[in-house]
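The next block holds one structure in the form of structure tokens; read it before the comments.
Derivation of every value follows stated rules applied to the coordinates shown; laboratory data play no part. What you see is a predicted model; the values in this text were computed from it and never measured. Virtual Cβ from ideal backbone geometry, glycine too; neighbours counted across all protein chains shown.
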């Protein structure tokens, strides 16, 4: 680097050190265990346990009561007139309602004019469906999405489980629902990505993920990658790509990103910084290597 470039790089490094929560200096500072003068570790552990019990109690109290059973003593049943009620004891039992598939029927009456049958019959339009021509409701699709992506249940396992719900739902149908749901979320994803590219500072990385592929030789799975882009305190966007190829970084960042990009030492980010059209408007900080690269003009 030239003297001017070194000075600019120093300024960029200083800015990153202040703003980057994952830089080595700030990371070490955050990870240090600072002894507390107010309470001992044992007291802190007790407080944590108390808070956990309090949260459990509050959640338990908020559960709805769906059934109330009154159990009268046998003595009162035999001579009800001989007894008067003075109080009552409450016993609570926790139960669960298993998933159960139900049908929602829409009835749309069809009418015609009494005095003039030349007019065509009228009928209310059918409600919009999440899957055109399908039977799945938005609630059912949302349940499958949460089960798969939050509770980590594969669709094949959900197919077997659905038999206990009243009717088995084929995994092929659920795959199509996931595709349609992804299309619904595309505008949200695009808006989040657009907002990130407007930030002055973003972090980016890629992580390997095994993906099911029945035609693959390696136990029916292939190696794919989730490319992650985010900013501290802001949104995080995940993009699934079939490989770790260099062109994916450029496709996600676009040609005109201007700001500070933090990544590891993977060469694709250095290549993007060198080929960026923003020139001095782009600075790349490689946290693992501890180096700063400036975009080429």
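With the highest mean first, a sort of the peptides 112-118, 269-275, 50-56 on other beta-carbon atoms found within 10 angstrom per residue produces 269-275, 50-56, 112-118. In segment 151-174, whose amide N lies under 11 Å from the spot 7 Å out along Cα-to-Cβ of residue 131? List them in ranges. Residues 169-174 qualify, since their backbone N sits under 11 Å from the label point.
Treating segment 135-191 as a set of equal point scatterers at the Cα positions, no solvent, please give the Debye-formula log₁₀ I(q)/I(0) at q = 0.29 Å⁻¹. Normalising to I(0) and taking log10 leaves -1.32. Extension gain, residue 222-residue 117: 0.36 nm per intervening residue step, less the Cα-Cα distance, totals 31.4 nm.
Computed from label points 7 Å out along Cα-Cβ, the spacing between residue 170 and residue 185 is 2.5 nm.
Multiplying the residue separation of residue 194 and residue 110 by 0.36 nm and removing their Cα-Cα distance gives an extension gain of 25.5 nm. Calculated FRET efficiency, residue 238 to residue 87, Cβ-Cβ distance, R0 = 35 Å: about 0.05 to the nearest 0.05. Working from label points 7 Å from Cα in the Cα-to-Cβ sense, the residue 163 to residue 100 distance is 2.1 nm.
Can you compute the modelled spin-label distance between residue 61 and residue 212, with each label point 7 Å from Cα toward Cβ, in nm? Reported label-point gap for residue 61 and residue 212 is 4.3 nm. Computed over segment 135-191, relative contact order equals 29 percent, with contacts defined as Cα pairs under 8 Å that lie 6+ residues apart.
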